[in-house]
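*Asks:* My questions will all concern the structure given below.
The values are calculated or read from the model by the stated rules, or taken from the named source; none is laboratory data. Everything quoted here is computed from the prediction, not taken from an experiment. Glycine also receives a Cβ, built like all others from the backbone with ideal geometry; neighbour counts cover every protein chain displayed. For the accessible areas, the whole protein counts, side chains as well, though only heavy atoms, and no ligand, DNA or RNA atoms are used. Shrake-Rupley method; radii C 1.70, N 1.55, O 1.52, S 1.80 Å.
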Amino acid sequence: MDVTTSITAVGTPSGEVRRELPESWSWIPLGEIVEIHDHRRRPIKAQDRQTRIQGKSSAELFPYYGATGQVGLIDGFLFDFPAILLGEDGAPFLDRQRAKAYAVEGNYWVNNHAHILTPKGSVLARWLLHSLNFVDYEPHVGGTTRLKLTKGDLEQIPIPLAPLPEQRRIVARIDELFAEIAAGEAALADARKGLETFRRALLKAAVTGELTRDWRTNQPTSESGDDVLKRIGKNAASNGRKRRIASAAQLDTSDLPTLPETWSWAQLGELGEIVGGITVDKKRKPETAVTVPYLRVANVQRGHIDLSEVKSIVVERTSAERLRLQEGDLLLNEGGDRDKIGRGWVWDGSIPDMIHQNHVFRVRLNDKALNSYFVSHYANELGRRFFVEQGKQTTNLASISLSKVMTLPVPVPPPAETEEIVRRVSEALSIADDTLAQLDAEAADAARLEQAILKSAFEGRLVPQDPADEPASALLARIAPPTSGSKGKRRGRKA
């Protein structure tokens, strides 16, 4: 059986549509045009990576690759030749916009979650790379809990093969167009960084009085921050509430920003009631049970509440009533990564009967002159340093106690100025969010454009074809010559 017949006989997996190719092209199973070096890869544990690189210079360390790219550095290497790595498992197989294959060179290590491929004969490495980032993997992957591309299925993936000169022309054009897209993506990344810098500078100016410097010169102050604190103190005394923390007069402000004259410093525990949430315990058997939604750390982001996944919990009715959130409640995360402690935002009341987990603190302010959004802006920006310094780190997570959260220093502006600050910040952040959404849309367009370029390339429409090019079938004859009647006949493989 000649090579052309062998190519035609390649089975098409169920659900896969085989495209028409230019006359001089051929379909070929991937296993016929690559060498697979999976037997040389080695798994490695995270603790081994951490201990083996101690005391080593960067010149002594080598990239360590997994299914999604470089995941670290390691002392020593397994491979020292250029190759194409293709992820073996995971969700990216179902996302046509994401790259699954990437080129590596130099000295490196590969774990057991990436296939290692090198092209045979006259197949260009970058042709192989771009082909593997265009293939529809869905018909070839299996698994229930996690998708997996086995070596056997990998070898059967059909790859379009063009004449070698056309491979060179197509690869050169793809790389040229991708370079232009990469330049655009770099500009988008710079724009995102600029937006983040703007956002942080805006919030810092807002919570230190710089944002409303012009406003103060033209507005009389009917009630200062100190007046607000005195009223809160009187109300607390008249209601019999005991102060559980030192007063603002005892607060050390030497390391805090200088505030305008009409502003005052306070501690968060003076301004409102702070409580922890419900502990998630599946063994709990409430006597009077109710099922209610609850917020987790993952829901409480910096500057917004993520309600894309809201879970429910069975609790005592009294606990549900005690922890039920009200519109305007401030939420702060108690634990997570060290730089995520204190991250939070304001509850908008969009879901009835919502409560919160014990890893999320709820702050309910005591006076209408106080504004939860202003306090949250401060906690999310200038409060970061406080939470990092006051938090405690365990092996895997960091956390902060309720008593520490109560001592968070918070600026208290005059009520009228607070409202003006929140208004200005809201308008500016709305514009920034619209700009970010536009940048995200342009980034998604870039990913779609790359796929459109690859589609055009592997349908033979990206560059002109040359009838004088040697057809792909001749290439394949050299890569895998006919085996019928020869000593080197392969066994165990059917066409």
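*Asks:* Restricting the search to segment 192-217, which residues are under 24 Å from the mean Cα position of the chain (by Cα), in contact (Cβ under 8 Å) with a residue 12 or more places away in the chain and open to solvent by 40 Å² or more (accessible area, probe 1.4 Å)?
*Replies:* Scanning segment 192-217 gives R192, F198, R199, R200.
*Asks:* With (1) in contact (Cβ under 8 Å) with a residue 40 or more places away in the chain; (2) within 19 Å of V388 (Cβ to Cβ) as the list, and N333 as the residue in question, which single condition is left unmet?
*Replies:* In the conditions (1) in contact (Cβ under 8 Å) with a residue 40 or more places away in the chain; (2) within 19 Å of V388 (Cβ to Cβ), N333 misses (1) alone.
To keep it simple, each residue is scored yes or no on (1) more than 23 Å from R199 (Cα to Cα); (2) within 23 Å of the chain's Cα centre (by Cα).
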site: Q390; (1), (2): yes, no
site: N396; (1), (2): yes, yes
site: V410; (1), (2): no, no
site: P413; (1), (2): no, no
site: A428; (1), (2): no, no
site: A437; (1), (2): no, yes
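*Asks:* Mind checking which strands (runs of 3 or more DSSP E) fall wholly inside segment 254-301 and carry at least 2 residues that are farther than 29 Å from N235 by Cβ and of a type outside the set (D, E)? Can you show your working first?
*Replies:* Values: elements: 264-267, 272-275, 289-295.
Where strands (runs of 3 or more DSSP E) fall fully within segment 254-301 and carry at least 2 residues being farther than 29 Å from N235 by Cβ and of a type outside the set (D, E), they are 289-295.
*Asks:* Also: Can you name the number of the only condition in (1) open to solvent by less than 80 Å² (accessible area, probe 1.4 Å); (2) in contact (Cβ under 8 Å) with a residue 24 or more places away in the chain; (3) part of a helix (DSSP H, G or I); (4) not charged (D, E, K, R) that T221 fails?
*Replies:* (3)
*Asks:* Out of the residues in segment 314-355 that are part of a loop (DSSP other than H, G, I, E, B) and of a type in the set (K, R), which is least open to solvent (accessible area, probe 1.4 Å)? Before the answer, list the steps.
*Replies:* Keep residues of segment 314-355 that are part of a loop (DSSP other than H, G, I, E, B), which gives 324-329, 334, 337, 341-343, 347-354.
The next check asks that each one be of a type in the set (K, R); those that pass are 324, 343.
On the way: R324: 93, R343: 25 Å².
Per the stated criteria, the residue is R343.
*Asks:* Give the residue, chosen from T435, T418, that is β-branched (V, I, T), part of a helix (DSSP H, G or I) and open to solvent by 50 Å² or more (accessible area, probe 1.4 Å).
*Replies:* Values: T418 fails: open to solvent by 50 Å² or more (accessible area, probe 1.4 Å).
Exactly one residue qualifies, and that residue is T435.
*Asks:* If you don't mind, there's one more thing I want to ask. Given segment 101-170, what strands (runs of 3 or more DSSP E) lie entirely inside it while holding 2 or more residues that are open to solvent by 60 Å² or more (accessible area, probe 1.4 Å) and either of a type in the set (V, I, T) or at positive phi (or both)? Outline the logic, then answer.
*Replies:* Values: elements: 101-104, 114-119, 158-161.
No strands (runs of 3 or more DSSP E) qualify here.
*Asks:* Would you check if R423 is among the charged types (D, E, K, R), assigned to a helix (DSSP H, G or I), surrounded by fewer than 16 Cβ atoms within 10 Å (Cβ to Cβ) and more than 29 Å from the chain's Cα centre (by Cα)?
*Replies:* Considered against the rule, which asks whether it is among the charged types (D, E, K, R), assigned to a helix (DSSP H, G or I), surrounded by fewer than 16 Cβ atoms within 10 Å (Cβ to Cβ) and more than 29 Å from the chain's Cα centre (by Cα), R423 comes out as yes.
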